[in-house]
Amino acid sequence: MKGVQLVLRSTHHGESDLADELVTVAERHRTEHEVHHVALDLAAWSREHVARLADVARDHDLDLDEPHDAGTSGVLATLRKKAADALGRRPEPGLLLLRDLRELHLAASENSLHWEMLGQAAQATRDAALLDLVSSCHPETLRQMRWTNTMIKVLSPQVLTSL
């Protein structure tokens, strides 16, 4: 497998995992309305990245069209909703939210590095389709990182000084 294929696969898996984590965090913190709604919007961006990566991967003889379970239906979704409702009434949800935001930020950072590597490879090989994909998706990944970082900055003082 070529290096570009390896990074395409890593980016595809990273974006898919990030989308799933964003949905999980949205469901877990359903009572935090901003977190819930923004996380779902950001998950949609990552799902779009996954689809576009699969399209470009075909040009590199790589099949990334694998079904991916969003994890939002069925018993798990019901359990997440009940847990979110229960956690919404206890003081610990702030710490859990900070931990979740930290994990999301780290996942988005890893994806950002993958996008950077793909961008450099696209420039080196003059691959216009790959460069267009990176130019379109990487800024959204950077926005995902900025959101998690901003939320951590806003919530940390309140949560950590109230314990």
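The values are calculated or read from the model by the stated rules, or taken from the named source; none is laboratory data. Everything quoted here is computed from the prediction, not taken from an experiment. Virtual Cβ from ideal backbone geometry, glycine too; neighbours counted across all protein chains shown. Just the protein is used for accessible areas: all its heavy atoms, side chains included, with ligands, DNA and RNA removed. Shrake-Rupley method; radii C 1.70, N 1.55, O 1.52, S 1.80 Å.
Overview of results
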read-out: Flag for Trp147 being in a helix (DSSP H, G or I), closer than 21 Å to Trp45 by Cα and touching a Leu at 6+ places or on another chain (Cβ under 8 Å); value: yes
read-out: Residue that is open to solvent by 50 Å² or more (accessible area, probe 1.4 Å), in a helix (DSSP H, G or I), modelled with pLDDT of 85 or more and of a type in the set (Gly, Ala, Ser), where the choices are Ala107, Ala44; value: Ala44
read-out: Residue that is farthest from Val25 (Cα to Cα), among those in region 111-151 that are open to solvent by 70 Å² or more (accessible area, probe 1.4 Å) and under 15 Å from the mean Cα position of the chain (by Cα); value: Leu113
read-out: First in region 1-17 and outside any helix (DSSP H, G or I), second anywhere and modelled with pLDDT under 95 and open to solvent by 50 Å² or more (accessible area, probe 1.4 Å), Cβ under 8 Å, 6 or more apart; value: none
